[in-house]
1. Could you list all residues from segment A:341-358 that are surrounded by fewer than 23 Cβ atoms within 10 Å (Cβ to Cβ) and within 9 Å of RNA strand B (Cβ to nearest atom)?
2. Does at least one position in segment A:368-375 carry a residue that is among the β-branched types (Val, Ile, Thr), within 30 Å of A:Phe265 (Cα to Cα) and surrounded by 18 or more Cβ atoms within 10 Å (Cβ to Cβ)?
3. For the subset of segment A:284-322 comprising residues that are among the hydroxyl-bearing types (Ser, Thr, Tyr) and farther than 18 Å from A:Ala339 by Cα, which member is surrounded by the most Cβ atoms within 10 Å (Cβ to Cβ)?
4. Which of (1) assigned to a helix (DSSP H, G or I); (2) of a type outside the set (D, E, K, R); (3) at pLDDT below 90; (4) closer than 16 Å to A:Lys395 by Cβ does A:Gly484 not meet, given it meets every other one?
5. Within segment A:487-505, identify whether any single residue is within 17 Å of A:Leu405 (Cβ to Cβ) and either near RNA strand B (Cβ under 7 Å from one of its atoms) or not in a helix (DSSP H, G or I) (or both), and answer yes or no.
6. Out of A:Leu113, A:Leu121, A:Leu109, which single residue is outside any strand (DSSP E or B) and within 15 Å of RNA strand B (Cβ to nearest atom)?
7. Enumerate the pairs (first residue in segment A:286-309 and in contact (Cβ under 8 Å) with a residue 60 or more places away in the chain; second residue anywhere and assigned to a strand (DSSP E or B)) with beta-carbon separation below 8 Å, excluding pairs fewer than 6 apart on the same chain, so at least 6 apart or on different chains.
8. So how many residues does segment A:258-279 have that are within 8 Å of RNA strand B (Cβ to nearest atom), in contact with a helix residue (DSSP H, G or I) (Cβ under 9 Å, 6 or more places away or on another chain) and among the aliphatic types (A, V, I, L, M)?
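The values are calculated or read from the model by the stated rules, or taken from the named source; none is laboratory data. What you see is a predicted model; the values in this text were computed from it and never measured. Here the Cβ is made from the backbone with ideal geometry for all residues, glycine too, and neighbour counts use every protein chain on show.
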Amino acid sequence: MDAPASALYSPTFFLQHGRFSITALAVEVAASAPAPRIPRTKNQALSTKNFSTVMSDVRVRFAPSPTGFFHIGSARTALFNWLYARHTGGTFVLRIEDTDSVRNTPEALQALLDGMRWLGLDWDEGPEKGGEFGPYFQSERTGIYEDYLARLTAAGRTYEQDGAVFFKLLGERYVEFDKYKNAEIEKVRSEPVVVDDAVRGHVERVVDQDFVIRRSNGDFGFHFVNVVDDLAMKITHVIRGEDHLSNTARHIELYKAFGATPPVFAHIPLILKSDGRGKMSKRESGALIEEYVSRHFLAEAVRNYLCLLGWNPKDDREIMPIGEIIERFDFAGINKDGARFDEQKLAHMNTEYLRALPLETFTWMATPVLEAAGLVDEAADEDYVQAVLGLCQPKARSLETMPELVVPFFKEEIEIDPAAREKIFKKGDPTARLAELLPALENTTEWTEASLEAAFGAVAEANGQKPTMYFPIARLAVSGQGGGVPLFGLLAVLGRDRVLDRMKAFS
RNA sequence: GUCCCCAUCGUCUAGUCAGGUCUAGGACACUGGAUUUUCAUUCCAGCGACCGGGGUUCGAAUCCCCGUGGGGACGCCA
């Protein structure tokens, strides 16, 4: 944060260092939104326009298996691949590993594609998009696998056993008792495979057992199809979770058997549980993208947080427009150790993004949430809604909690919060204060924040009280709550009739 | 059990590759103040870490070794 004094107030400084650049984010979000007040759809695409990239030969892919929901770890892997493609001006391929026909359903695929779109991860080749290296569903690529298998067989690198096809390693064979498998296993003394990982550096591992590339039911195995597809689709960089690091040696053996040069591998750290042991599993709270969609998180915030889970720009920047992240994203900034998932920090980022939104956009996003809560309907006065939300935005923590904040504005029958009520009554009878307030408010000709504030001041003075004496009482009577939006904004927006009625009704 | 990867505040991390500027910086969380005459805003401060032990060196968070701890892989799952 050290900057020469002269640079302190330059726009550049703000853009590079300050939270001020959050305005740029807001603009970005706004730009991605359709015209204000059109109901927000779930799959609002996030704009990634407005930054220049140079085309390159880089080809990366995200290859999920659509077995249910969109896991946060998968999303982060997709995100890193996407970032790298956009950073290099390369191509981002989406390939669906749907070889397991039992677990893969159309709904699962839809959930995945929706999640990708929600996060703004657009793919250049893949489902619904096509491309010259298709098909992009593994279930439709059997012919290709047959061809590649034939090549391996022709080279004498396969054999059949129990109806399955095995990949045959090169090297001297011996039999050993394996404690883990609790059986005698045939092993191979093979040369260590070297992986020059873009994140982890030089890694060596020995593959000492032949492995299945085609199951006895005819399905091709993961290692085989993965390598064949990456080869056939001319993938140049494989960015995936560290759980695949030990598989990589096997994959490289296959590349070598095909006489091909392996792609660059980049193994990214795993996302670990918030507490407890091990990696984040789908059962963990907060593990699924769907959860953030349904809780009305801002996709930009989730994406920004995910970018920082395992990668960082090496300075103290955290909240950044996606264009800046794309510009700065590189393997050098990727960490090696697993990162625990911190929902609180995500929530904080979400709040920051929410507050930075232009009011129009904020209104456009919050309205459906209020509708879902039954507070607002089609007939609602748009100006009133926007006035209310204008009051709320600076105080809002999340869209999810907006309804409880705005209840007094949209429900005629307010409920008095017992705890807040008790706090007030402990300090003396509030109805006496209200009685002092009422005539003054009834006589207030103007109904603005300023005039109301003046009226409160006059009442306080006339009764020898501090104005603060009246504030919490008025708030409780009018909203039923002990906290919330600023008092005079509350009174002004609520309007004279409602305020007076509620004060009179309060007991 | 075997192999691979990793190791800085409670959490995410900067600093490590090219050892000194690190009495270790930032963010979240937490605690305490201030300001906002009310408030779920804002500001400030505090708390708080180099896993342990050996080396190498004038000097180590940074390099080496050994422990320990954490993570992952070892399927006819992907």
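1. Result: A:Asp342, A:Glu343, A:Gln344, A:Lys345, A:Leu346, A:Ala347, A:His348, A:Met349, A:Thr351, A:Glu352, A:Arg355.
2. No, segment A:368-375 contains no residue that is among the β-branched types (Val, Ile, Thr), within 30 Å of A:Phe265 (Cα to Cα) and surrounded by 18 or more Cβ atoms within 10 Å (Cβ to Cβ).
3. Of everything passing the filter in segment A:284-322, A:Tyr292 is surrounded by the most Cβ atoms within 10 Å (Cβ to Cβ).
4. (1)
5. Yes, segment A:487-505 contains a residue that is within 17 Å of A:Leu405 (Cβ to Cβ) and either near RNA strand B (Cβ under 7 Å from one of its atoms) or not in a helix (DSSP H, G or I) (or both).
6. Values: A:Leu113 fails: within 15 Å of RNA strand B (Cβ to nearest atom); A:Leu121 fails: within 15 Å of RNA strand B (Cβ to nearest atom).
When all the criteria are applied, what remains is A:Leu109.
7. So the pair list comes out as A:Ala287/A:His71; A:Leu288/A:His71; A:Ile289/A:His71; A:Leu309/A:Ile271; A:Leu309/A:Ala339.
8. 1
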